[in-house]
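Okay, so here's the structure we're looking at.
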Protein chains: 2
Amino acid sequence: MDQDYAAAPHTVEAFYERLRESGHSLPKRLRQCADYVAANPDKVAVSTVAELAEAADVPPSAFMRFCQELGFSGFSHMQKLFRGEYTQKWPNYATRLTKLRDSGNDTPAALLAEFAEAGCNSIENLARTVDAASLDEAVAMLAQARTIHLVGNRRAFPVASYLAYSFEKMGIPAILHSGVGNLKLDHLLARGDAMIAISFAPYTADTVDLAEEAERRGVGIVALTDLPTSPLARLDGARLFVSEIDVGAFRSLSAALTLAMALSVSVGARRGEFKMENES
Amino acid sequence: MDQDYAAAPHTVEAFYERLRESGHSLPKRLRQCADYVAANPDKVAVSTVAELAEAADVPPSAFMRFCQELGFSGFSHMQKLFRGEYTQKWPNYATRLTKLRDSGNDTPAALLAEFAEAGCNSIENLARTVDAASLDEAVAMLAQARTIHLVGNRRAFPVASYLAYSFEKMGIPAILHSGVGNLKLDHLLARGDAMIAISFAPYTADTVDLAEEAERRGVGIVALTDLPTSPLARLDGARLFVSEIDVGAFRSLSAALTLAMALSVSVGARRGEFKMENES
DNA sequence: AGAAATTTAGAATAAATATTCCAAAATCAC
DNA sequence: GTGATTTTGGAATATTTATTCTAAATTTCT
C-alpha cells in the first residue's frame, strides 16, 4: 500500500533539475506552480499550500497535484525538502555519544571524530550567522583604543589568553586580566581604552563585575558571549554571540576561538601595524 | 474581545532587545525557550511548536506560555515575525559563505569566513590523520597518572589552559605550569606523574626544557606538537601531531584544541570520574 | 463537430498543529 | 514549617492546514 517516494528529488538542486527537464511539458496550472516555486523558493519553506496557491494564482488542489507530479507524496513532503536545505542541522551529539558508548566503540579516536564534527559545525554556523555590523563595530572600537583589556575566566580563559598572545604578536597594547595574585587592576581602566569581555553560561561573576566596572569608567565594551540573556549582553557596546554545539556534557571552543582570531587580526589590519612574524 | 497585541515586538531586532532586557528574569522553562530561540532563530520560522519545544527540552505548553509572555497572541503570531525575516535574508543566506570567500575583500566578516574554512579543514585533517594507537597510549598514560602536568607557552598556552579547565571540571588532579612568578616547579615532577607538553614551531625553550627535565625524572610524557622534527617528538612517550592550516601569517588553533578536548574527555571517561556539571 | 482523454476547481474529509485549561509540583514569604 | 503564589506538564479541545474526491470544463484527436 504505502509506496516509496524514491522518485522524489532529494535535494533542492535535484528539484530544479527536474523542473528544467520536464517543466515545459506541464499543463497550464501546474506550470504556473512550477514557475512560481522556481522564482520564490524561499517562500516554500515558510508558507501553507493555500498561500502558495494564491500567490501562484491557482487553486490549492492544483498545487497539490503539482507536488505529486514531481514525485512527492504531497505538499508536506516537498516542503520538508526546502525546510531542511537552508537551516543548519544541529545534530544531537549527546544521543549519538550514548549510542557510540553502547556500541562499545568508545575509543579515543571515535570521540575525537565526534568532537571534530561538532567543532566544524559550530564554526560553520558561526560564520553563517554572525552579525557583520556588530563585528565591524567591535573592530572599529578596538582599533582606536589605547589599551585593550582582556577578561575571561574558566572556560573563556583560553580565548582571552589567545587574544593576549595575538595582540602581543602584532604589537598592540593589551592586558590580560587573569586574576593572578588577586590584584585588582580596576585602576588601569581608563576612558579611551576598550575591553573584550568573554563569558559563557553559567556566567562568571568576576568577569561580569569587571566588565560593569569598565562600562562605568567609560571604557568601550566588546562582549563575546553565548546568548542575549547573558549579563554581558546588557552592557552598552558591541555584542558578539557564539553558540557552540554540545558533545555530551562538553562544549567545544572552536567557534569562539575562530571568532577571536578573526577579531584580533581584523583589529591588527585596521591599525596597520601588522608584523608578519611567525609564532612560538 | 480581540485585544491588540501592540506590546509584541514587531521586528526580530526588537525581540532580541526584549530578551536582553527581561530575559534573565524569566522562570527556568521560559528561559530555556528564550535561549533556544535566540540561538536558533531560523528554526522558529520552519518548525512546529512541538519540534521547538522538544529541541529546547520543554513541554509544548511551556513554549506557548513563552510566546504569550513576550506579548504575542500565541506561537503562530510569533512565528509570523520570524518567517518574514527568514524570507528576507534568503537566498543570500545560503550562499553567503561562498560569496564572502570569493569576494576576497578584507572586511572582518570575510576574514572570519577564511578563518572558519581554515579551522574546519584543520579539524577534518586532524580527524583523518591522527594516529589512534598514539592516542590510546596517551590516554592510558594519563588515566593512571597521579598528577597531570600541563606545559605550553605562547601560542600553545590556550590549549594548556583549556586542558587545565577541563581536568579541573572532571576532578582530575592537574597542574598548569604557567611560569607565573618565575617559580620553578620542577620539584613537583615525580615518578608516577604524567605531563602533556605542548609546543609548535618555533618551539619555546622553556617548554622543551621542562619536558626534558620531566623525562629525566621518570614522568610519562605526552607530546602535543606539530612535526616529527619537533624537539618534543624526540622525547620518549606518546606523540600526537597536529598541523594547522595558515590564514596568511596566522595559524588557527582549532585542531589542537579539538584534540585536547577529545584527549581530556577520554581520560576522564577512562578514569570513570565523570562529573556532568556545567561549566563557567 | 463529436467522442475520448486530460485537466481543473471547489467542496468534503482527514490529519496535523496550535491553544487552553487545570491539577500537581515547586518556590517563595512569613 | 505553613500557607500563598508562581510555575509546570500533560491531557482535552479548537483551529488550521493538507489531502482527496468528483463533477464540470477544457483540450485533443479523428
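Listing for the model above:
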{"read-out": "Whichever residue in segment B:13-54 is more than 8 Å from chain A (Cβ to nearest Cβ) and in contact with a Lys or Arg (Cβ under 7 Å, 6 or more places away or on another chain) and, among such residues, is nearest to DNA strand C (Cβ to nearest atom)", "value": "B:L52"}
{"read-out": "Filter result for B:G192 (over 16 Å from B:L240 (Cβ atoms), touching a Ser or Thr at 6+ places or on another chain (Cβ under 9 Å), touching a residue at least 24 places away in the same chain (Cβ under 8 Å) and exposed (fewer than 15 other Cβ atoms within 10 Å of the Cβ))", "value": "yes"}
{"read-out": "Residues of segment A:57-83 that turn out to be more than 10 Å from DNA strand C (Cβ to nearest atom) and touching a Cys at 6+ places or on another chain (Cβ under 9 Å), as a count", "value": "5"}
{"read-out": "Residue count for segment A:71-89, restricted to those that are away from chain B (no Cβ under 13 Å) and at pLDDT below 90", "value": "1"}
{"read-out": "Residue match in segment A:258-272 (condition: surrounded by fewer than 21 Cβ atoms within 10 Å (Cβ to Cβ), under 30 Å from B:T207 (Cβ atoms) and modelled with pLDDT of 90 or more)", "value": "yes"}
{"read-out": "Which numbered condition B:A132 fails, given (1) surrounded by 21 or more Cβ atoms within 10 Å (Cβ to Cβ); (2) facing chain A (nearest Cβ under 7 Å); (3) of a type in the set (G, A, S)", "value": "(1)"}
{"read-out": "Pair list, Cβ < 7 Å and 6+ apart or interchain, from segment B:118-133 residues that are more than 20 Å from A:A127 (Cα to Cα) to residues that are part of a helix (DSSP H, G or I) and among the small types (G, A, S)", "value": "B:L126/A:A116; B:L126/B:A255; B:A127/A:A113; B:A127/A:A116; B:V130/A:A109; B:A132/A:A109"}
{"read-out": "Complete set of residues in segment B:156-188 that are over 16 Å from B:S264 (Cα atoms) and either of a type in the set (S, T, Y) or touching a Leu at 6+ places or on another chain (Cβ under 7 Å) (or both)", "value": "B:H177, B:S178"}
{"read-out": "Filtered residues of segment B:216-225 (kept if crowded, with 21+ Cβ neighbours inside 10 Å and of a type outside the set (S, T, Y))", "value": "B:V219, B:G220, B:I221, B:V222, B:A223, B:L224"}
{"read-out": "The one condition in (1) within 12 Å of another protein chain (Cβ to nearest Cβ); (2) away from DNA strand C (no atom under 13 Å from the Cβ); (3) surrounded by 14 or more Cβ atoms within 10 Å (Cβ to Cβ) that B:P9 fails to fulfil", "value": "(1)"}
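The values are calculated or read from the model by the stated rules, or taken from the named source; none is laboratory data. Note that the structure is a prediction, hence the values are computed from the model and not measured. Don't worry about glycine lacking a Cβ; one is built from the backbone with ideal geometry, like all the others, and counts go over all protein chains shown.
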